[in-house]
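A.B. asks: Would you mind keeping the following structure in view while I ask a few things?
The values are calculated or read from the model by the stated rules, or taken from the named source; none is laboratory data. Bear in mind the structure is a predicted one, so any value in this text is a computation, not a measurement. Every residue, glycine among them, receives a Cβ derived from its backbone with ideal geometry; neighbour counts consider all protein chains shown.
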Amino acid sequence: MNIFRLAGDMTHLFSVLVLLLKIHTIKSCAGVSLKTQELYALVFAARYLDIFTNYISLYNTVMKLIFLGSSFSIVWYMRYHKIVRRSYDKDQDTFRHYFLILPCLLLALLINEKFTFKEVMWTFSLYLEAVAILPQLVLLQRTRNIDNLTGQYVFLLGAYRALYILNWVYRYFTEPHFVHWITWVSGLVQTLLYADFFYYYFQSWKNNQKLHLPA
Amino acid sequence: PLEQQIHDEL
């Protein structure tokens with residue numbers, strides 16, 4: 001494991017912690033897209049099918065459990081928690097996330113490294129993760145006052161993706177036969193989706209203003 | 001092995 005990969009995993013972990021902190025202590029999920037959170041829960045469920053059959057390291061298993069547990073509990077909080085669900089901007093969060101799932105599944109059936117159930121599901125999770133942030137970005141654009149925690153959550157998620165790309169560059173030069181087109185292309189697409197957000201995030205940070213995305 | 005290489009990521 002290299003430093004980029006570790007830093008990427010840690011930013012990912014922090015992003016989840018920031019979101020849980022907001023939901024758990026402030027009891028609010030204002031500005032958070034349930035659609036995106038449901039997609040992430042599906043992403044992790046599809047990707048970590050091998051959690052008990054393919055042991056890599058204790059670190060990997062524990063992290064997988066954390067991502068699975070946190071994504072499903074966030075969805076639960078937003079849907080069913082008596083107080084939290086009241087702050088959910090249902091009328092603003094209108095992205096048709098089901099329309100993302102089917103194309104990703106079809107693409108995974110067509111383009112994969114091996115046509116087995118686990119491999120197709122794994123590829124599906126990569127494609128779906130690439131676009132899972134879209135409902136959240138649309139919701140951010142519609143939110144007048146993006147609170148700091150929500151802004152930081154999306155920023156940390158974007159940073160995690162950028163660090164993973166550095167990790168692949170590093171692995172490409174240090175490990176033999178490290179060529180994984182499917183992972184790289186979907187990862188690159190995913191990171192590019194954050195470009196616009198990053199621009200406005202740094203602008204607001206530089207000018208010391210509240211984050212606001214133009215429609 | 002090669003197959004494990006990419007599946008060792010999260």
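A.B. asks: Identify all residues within the range A:55-99 that are farther than 25 Å from A:Gly8 by Cα and in a helix (DSSP H, G or I); write none if there are none.
C.D. replies: A:Trp76, A:Tyr77, A:Met78, A:Arg79, A:Tyr80, A:Val84, A:Arg85, A:Arg86, A:Ser87, A:Tyr98, A:Phe99
A.B. asks: Among (1) crowded, with 17+ Cβ neighbours inside 10 Å; (2) within 14 Å of chain B (Cβ to nearest Cβ), which single condition is A:Tyr77 missing?
C.D. replies: For A:Tyr77, the exception is condition (2).
A.B. asks: Farther than 22 Å from A:Val185 by Cα, in a helix (DSSP H, G or I) and modelled with pLDDT of 95 or more - does that describe any residue in the range A:3-11?
C.D. replies: yes
A.B. asks: Also, quick follow-up: Residues to consider are A:Leu140, A:Leu134, A:Leu128; find the one that is more than 14 Å from chain B (Cβ to nearest Cβ) and either more than 20 Å from A:Leu42 (Cα to Cα) or free of Cβ contacts under 8 Å to residues at least 60 places away in the same chain (or both).
C.D. replies: Testing whether each residue is more than 14 Å from chain B (Cβ to nearest Cβ) and either more than 20 Å from A:Leu42 (Cα to Cα) or free of Cβ contacts under 8 Å to residues at least 60 places away in the same chain (or both) leaves just A:Leu140.
A.B. asks: For the range A:163-183, enumerate the residues that are surrounded by fewer than 17 Cβ atoms within 10 Å (Cβ to Cβ) and assigned to a helix (DSSP H, G or I).
C.D. replies: A:Ile165, A:Leu166, A:Val169, A:Tyr170, A:Tyr172, A:Phe173, A:Thr174, A:Trp181
A.B. asks: Go through the range A:46-70 and give me each residue that's aliphatic (A, V, I, L, M) and in contact (Cβ under 8 Å) with a residue 60 or more places away in the chain.
C.D. replies: Answer for the range A:46-70, where residues must be aliphatic (A, V, I, L, M) and in contact (Cβ under 8 Å) with a residue 60 or more places away in the chain: A:Ala46, A:Leu49.
A.B. asks: I need every pair where a residue in the range A:1-13 that is closer than 10 Å to A:Tyr170 by Cβ has its Cβ under 6 Å from the Cβ of a residue that is surrounded by fewer than 17 Cβ atoms within 10 Å (Cβ to Cβ), sequence separation at least 6 or different chains.
C.D. replies: The qualifying pairs are A:Asn2/A:Tyr170; A:Phe4/A:Leu166; A:Phe4/A:Tyr170.
A.B. asks: A further question follows. Tell me which residues, restricted to the range A:25-54, are hydrophobic (A, V, I, L, M, F, W, C) and not in a loop (DSSP other than H, G, I, E, B).
C.D. replies: A:Leu34, A:Leu39, A:Ala41, A:Leu42, A:Val43, A:Phe44, A:Ala45, A:Ala46, A:Leu49
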